[in-house]
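Single-structure report; data block below.
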Amino acid sequence: MKALVITSLAGPEALAIQDVPDPTVKAGQSLVRVSAGGLNFADFMTSKGGYPGTPPPPLIAGREFAGVEEQTGRRVMGYTQWAAFAEKTAAYRNLQWPVPERWSFEQAAAFPVNFFTAYLGYWQAGMTQPPLPGRSHRVLIHAVAGGVGTAAVQVGRLLGIEMYGTSSSDEKLARVKELGLQHGINYKGNDYEEVVKNLTHGEGVDAVFEMLGGEHTAKSLRCLRDFGRVIQYGTATGKAPQIDVRALYAKSASVQGLWLTYLSQKAEIMEPAWKRLSEWIGQGKLIPQIGHVLPLDRAIEAYKLLEGGKNYGKVVVKIAQ
Ligand SMILES: NC(=O)c1ccc[n+]([C@@H]2O[C@H](COP(=O)([O-])OP(=O)(O)OC[C@H]3O[C@@H](n4cnc5c(N)ncnc54)[C@H](OP(=O)(O)O)[C@@H]3O)[C@@H](O)[C@H]2O)c1
């Protein structure tokens, strides 16, 4: 079968389409004929050797997919750690979900990582339950126009959350506003800390979805209101998050990590999340935002969109017709 192989950890240029043997199906897995793959920032990091737990190359790239389960003919979308960007993948059944009736394979491939991460971010921030009477929840979402960001806006809207979101582009922010983002902040011309402070009358937000790292962790902490939480789930700047634990005292604040790779192993967390997400899908209230669909032979270009922060929403790689 054809697969997108990480030939060395030298970044997107070291990706190559190769003929490889069909995957071996392990206990608990099923074989899926893949139609489309969802590209994640983690895939770009993996290609450079910057993702924890990456096995030595050569290895097949890709962590989420949509296609047809060979044995049952069911349309499925799934989450895995590697080997999704291939004509066939062997994936654990507990991390496969039925493709909603009205969705294309491209839409389905754009769902698992973004929507589970976004939902679990709200869950970790204590926002999947209604706020105390007379108070609304506020969140600041970094990279609001990206894959996780556009999912977080859709979920946040359903949870009744007041959302602030950052992006480098007014054009991208305008698109996310159509999804329900109330306060778009272009960080190229504005200091998001100042904007949040002004718009919330000095109070701050209850949670920040922080995936930049470096100084942004400390800055995001300063955007919090009392008892607020920074949900740290990435380091797109490539820099280690800066944090002075003493800064947490002032507002009884906290910084909490979120890693889907780890949480996805826990059925007691994933099942209630899917129950809530699938109810919303059934009501037509969640639509994965796809900015770009590229064929597998243009995968390098797809990776570079994420590397350069040029994407809107999800980048999808088309694997079969
Ligand atoms: N912990 C987890 O389980 C988990 C799960 C999913 C994703 N993540 C993390 O969440 C983040 C978003 O992932 P995603 O796949 O949804 O990607 P994405 O948000 O679709 O793409 C990245 C976006 O980040 C913004 N950005 C800001 N600084 C950047 C930089 N230095 N380099 C590149 N982009 C930058 C860009 O948007 P603007 O130009 O608009 O700012 C870019 O479009 C990543 O850090 C990823 O590793 C973590």
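The values are calculated or read from the model by the stated rules, or taken from the named source; none is laboratory data. Only a predicted model underlies this, so the values are computations on that prediction, with no experimental measurement involved. Cβ: placed from backbone, ideal geometry, glycine included. Neighbour counts: every protein chain shown.
In the list Q242, Q265, which residue meets the criterion of being more than 19 Å from A110 (Cα to Cα), touching a helix residue (DSSP H, G or I) at 6+ places or on another chain (Cβ under 7 Å) and part of a loop (DSSP other than H, G, I, E, B)? Result: Q242 is the single residue among Q242, Q265 that is more than 19 Å from A110 (Cα to Cα), touching a helix residue (DSSP H, G or I) at 6+ places or on another chain (Cβ under 7 Å) and part of a loop (DSSP other than H, G, I, E, B).
Let's see how each residue does on (1) under 16 Å from A10 (Cα atoms); (2) touching a helix residue (DSSP H, G or I) at 6+ places or on another chain (Cβ under 8 Å); (3) not in a helix (DSSP H, G or I):
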residue	(1), (2), (3)
P23	no, no, yes
K26	no, no, yes
V32	no, no, yes
G37	no, yes, yes
G50	yes, no, yes
G53	no, yes, yes
V68	no, no, yes
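Residues in region 275-321 that are within 16 Å of F44 (Cα to Cα), among the basic types (K, R) and part of a strand (DSSP E or B): 1 in all. The conditions of being assigned to a loop (DSSP other than H, G, I, E, B) and within 19 Å of the chain's Cα centre (by Cα) are not met by T117. The number of residues in region 31-64 that are within 16 Å of the ligand (Cβ to nearest atom), of a type in the set (S, T, Y), touching a residue at least 24 places away in the same chain (Cβ under 8 Å) and more than 17 Å from I300 (Cα to Cα) comes to 1. When G11, G28 are checked against the criterion of being surrounded by fewer than 20 Cβ atoms within 10 Å (Cβ to Cβ), out of contact with any Cys (no Cβ under 7 Å at 6 or more places or on another chain), farther than 15 Å from Y303 by Cα and of a type in the set (G, A, S), G28 stands alone in meeting it. Taking the stated definitions as given, is K172 touching a strand residue (DSSP E or B) at 6+ places or on another chain (Cβ under 9 Å), near the ligand (Cβ under 9 Å from one of its atoms), among the charged types (D, E, K, R) and touching a residue at least 12 places away in the same chain (Cβ under 8 Å)? In short, yes.
The sole residue among G234, G228, G257 that is at pLDDT 95 or above and out of contact with any helix residue (DSSP H, G or I) (no Cβ under 8 Å at 6 or more places or on another chain) is G257.
Residues considered: L305, L263. Of these, the only one that is within 24 Å of A174 (Cα to Cα), within 13 Å of the ligand (Cβ to nearest atom), surrounded by fewer than 19 Cβ atoms within 10 Å (Cβ to Cβ) and among the hydrophobic types (A, V, I, L, M, F, W, C) is L305.
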